[in-house]
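Scroll down for the structure; my scribbles are underneath it.
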Amino acid sequence: MKLLPLPAEGQTPVRALTIAGTDSGGGAGIQADTRTMALCGVHALVAVAAVTVQNTVGVSGFHEIPPQVVAAQVRSVAGDIGVGAAKTGMLASTAIIEAVAEVCREVGIGRDGEIPLVVDPVAASMHGDPLLHAEALDALRNTLIPLATVVTPNLDEVRLLTGIEVADDDSARRAAEALHKLGPRWAIVKGGHLRSSEYSADLLFDGEQFLEFTAPRIATGNDHGGGDTLAAAIACALAHGYPVPEAVEFAKEWTYRCLAASYDLGAGHGPVSPLWRLHRS
């Protein structure tokens, strides 16, 4: 695959910001984001929105960071270090979502600003444990997603956001159209959770054209953090100046490689792993 360029030794890398929750098991969330960013040669900036209590078998609790503290983290790094692209993950509550949307507009992050924004609308863990208060779905729909350069829900999140159950190509297209009507510049409907298909197909839509990105399905239960990894890889490519379709193409192959390199961990689902990058010159 074509990798993102690594900075020369001592050269300042491009910067990408993740605004998300932590994963104490190290498989998803901010840990997955920063792992991909580092191995893509990108300097990771972090705004912690929530702290989860989780391992490979589930999430047993989470603690929300005060909204003003979340926003202050974004403001602090954007003003001093600069941000090439940003992504969101677990934001937990309406108040945090609204604070993040406000500070993103303030510092120029979002579809109409200079800094592209990837919105991964995390609503639940892969085990089905809630990571977002139910009433915050409206804030995602009406406040954050309209700011997105690209929005990247999984199929469960597509159903929660649009009411459409994706089962085939036709319903995937209807879901992409419904997501796009919420206001992002581009919408992705990810097919990774459509287990009946031999291939994992992601559908990208900008209001006019559909683009499809496919990869063979890898038979593994070690797919924890796959959605975070895809969104983080898109942000890395956008920080390098890639157009959205090329960024998604890169991220799709990056995530496929990470799935192929996934490993066992604990008693549940192990993580996808970008450590394969260490073996490539």
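For K181, the lysines whose Cα comes closer than 26 Å to its Cα, not counting residues fewer than 8 places off in the same chain, are K87, K190, K252. Cut-off 14 Å, label point 7 angstrom out along Cα-to-Cβ of L6: give me the residues of segment 27-45 whose amide nitrogen falls inside. Within reach of a label on L6: 38-43.
For an R0 of 25 angstrom, estimate the FRET efficiency from the Cβ-Cβ distance between E212 and K181 and round to the nearest 0.05.
Values: r = 20 Å, r/R0 = 0.80.
Result of the calculation: an efficiency of 0.80.
For segment 173-281, what ratio Rg/Rh do Cα atoms give with a Kirkwood hydrodynamic radius? With Rg and the Kirkwood Rh in hand, the quotient comes to 0.99.
Nearest 5 percent is fine: what portion of the DSSP beta bridges confined to segment 148-212 is antiparallel?
Details: 6 of 8 bridges.
Percent antiparallel among DSSP bridges in segment 148-212 is about 75.
Among the GluC sites (Glu not before Pro) in segment 199-273, those placed in a DSSP loop whose Cβ has at most 15 other Cβ atoms within 10 Å are E208. When the alpha carbon gyration tensor of segment 86-177 is reduced to an equivalent ellipsoid, the three semi-axes, largest first, read 23, 16, 10 Å.
Given Cβ point charges of +1 (Lys, Arg) and -1 (Asp, Glu) and nothing else, what value in debye, to the nearest 20, does the dipole of the chain about its Cα centre take? Walk me through the numbers before you get to the answer.
Details: 20 positive and 32 negative charges, 104 e Å.
Result for the chain is approximately 500 debye, rounded to the nearest 20.
For the chain, the cysteines with no partner cysteine C-beta closer than 4.7 Å are C104, C258.
Computed log10 I(q)/I(0) for the chain at 0.08, 0.11 Å⁻¹: -0.28, -0.54, from the Debye equation with unit scatterers placed on every C-alpha and solvent omitted. In the context of the full set of protein chains, segment 1-109 has a per residue accessible area of 39 Å² (1.4 Å probe). For segment 177-281, the share of accessible area belonging to carbon and sulfur comes to 50 percent (1.4 Å probe, ligands and nucleic acids excluded). Classify segment 228-281 as rounded, prolate or oblate from the Cα gyration tensor: take a ≥ b ≥ c as the square roots of its eigenvalues, call it rounded if a/c is under 1.5, otherwise prolate when a/b beats b/c and oblate if not. Here segment 228-281 falls in the prolate category.
How large a share of the accessible area of segment 1-153, in percent, is made up of carbon and sulfur atoms when the probe is 1.4 Å and the other protein chains stay in place? Intermediate results must be reported in sequence, preceding the final value.
On the way: 3090 of 5830 Å².
Carbon plus sulfur share of accessible area: 53 percent.
DSSP finds beta bridges in the chain, and of those with both partners inside it, around 45 percent are antiparallel.
Highest mean first, what order results for 236-244, 259-267, 221-229 on Cβ atoms within 10 Å? Mind dumping the intermediate values first?
Numbers: 236-244: 21.6, 259-267: 15.2, 221-229: 24.4.
So the order, starting with the most tightly packed, is 221-229, 236-244, 259-267.
The simple spin-label model puts a point 7 Å past each Cα toward its Cβ; for D80 and R280 those points are separated by 3.3 nm.
The values are calculated or read from the model by the stated rules, or taken from the named source; none is laboratory data. Please read these numbers as outputs of a predicted model, since none were measured by experiment. Note that each Cβ is placed from the backbone with ideal geometry, even for glycine, and that neighbours are counted across all protein chains shown. Only protein heavy atoms, including side chains, enter the accessible area calculation; ligands, DNA and RNA are left aside. Shrake-Rupley method; radii C 1.70, N 1.55, O 1.52, S 1.80 Å.
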